[in-house]
Amino acid sequence: MALEKYATEAPASVPQAGGIPSASSPTAADDAVQHAASSRAHEAPAARVFRREGEFWTVRFDGRTCHLRDSRGLQHLVELLRRPGQPVAALALTRAAEQGEPLATADEGLALLPRASENARVGVTRAIGAALRRIEEHHPSLGAHLRATVRTGQRCVYTPDPCVPVAWET
């Protein structure tokens, strides 16, 4: 049984006296959405954390923090988060996780191992899928972000929105 726990949630920023938009005002929802979007866009890079600490991962995004027990899928995800926009071969992810070594930057020759490459694709896709389900359960906004930005296959990639850069502390 996994010992995962939800840790904290930062309080939402709400304008005070005189700055509280009326719920009946047509611009109230627009102002709240713009404020939330600008808060996320200006969030400090250190506010987004995906870091292993022993047998658990500390994950922080959108002002919420949770702790997840280590898994192969989380190990694969952190490698993708470290390389936004850079495709990584599933076989390279698998080898790095199995051997506990840094991910190779060049993956020439991996195509020469078609069966191993296909097995890695299936394993990485399943592991990342399971990790995303756990993240969604404990941190819905991060789960939605990763579902929209992580692609798996022979080559896996994390592609965040270029208009809202996301820097991760790993």
Within segment 101-123, is even one residue touching a residue at least 24 places away in the same chain (Cβ under 8 Å), in a helix (DSSP H, G or I) and within 22 Å of R52 (Cα to Cα)?
-> yes
Examine segment 67-78 for a residue that is in a strand (DSSP E or B), of a type outside the set (A, V, I, L, M) and modelled with pLDDT of 50 or more, and state whether such a residue exists.
-> yes
Which residues, taken from segment 69-90, are of a type in the set (A, V, I, L, M) and more than 23 Å from R134 (Cα to Cα)?
-> A89
If H145 passes every condition in (1) surrounded by fewer than 17 Cβ atoms within 10 Å (Cβ to Cβ); (2) in contact with a Pro (Cβ under 9 Å, 6 or more places away or on another chain); (3) of a type outside the set (A, V, I, L, M) but one, which one does it miss?
-> (1)
Give me the pairs: first residue in segment 69-93 and farther than 16 Å from V49 by Cβ, second residue modelled with pLDDT of 95 or more and among the hydroxyl-bearing types (S, T, Y), beta-carbon distance under 6 Å, and six or more apart or on different chains, which are they?
-> G85/T159
Among the residues of segment 148-170, write down those that are surrounded by 14 or more Cβ atoms within 10 Å (Cβ to Cβ) and either within 10 Å of the chain's Cα centre (by Cα) or assigned to a helix (DSSP H, G or I) (or both).
-> T149, V150, Y158, P160, V166, W168
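The values are calculated or read from the model by the stated rules, or taken from the named source; none is laboratory data. Note that the structure is a prediction, hence the values are computed from the model and not measured. Neighbour counts are summed over all protein chains in view; Cβ atoms, including those assigned to glycine, are modelled from backbone coordinates with ideal geometry.
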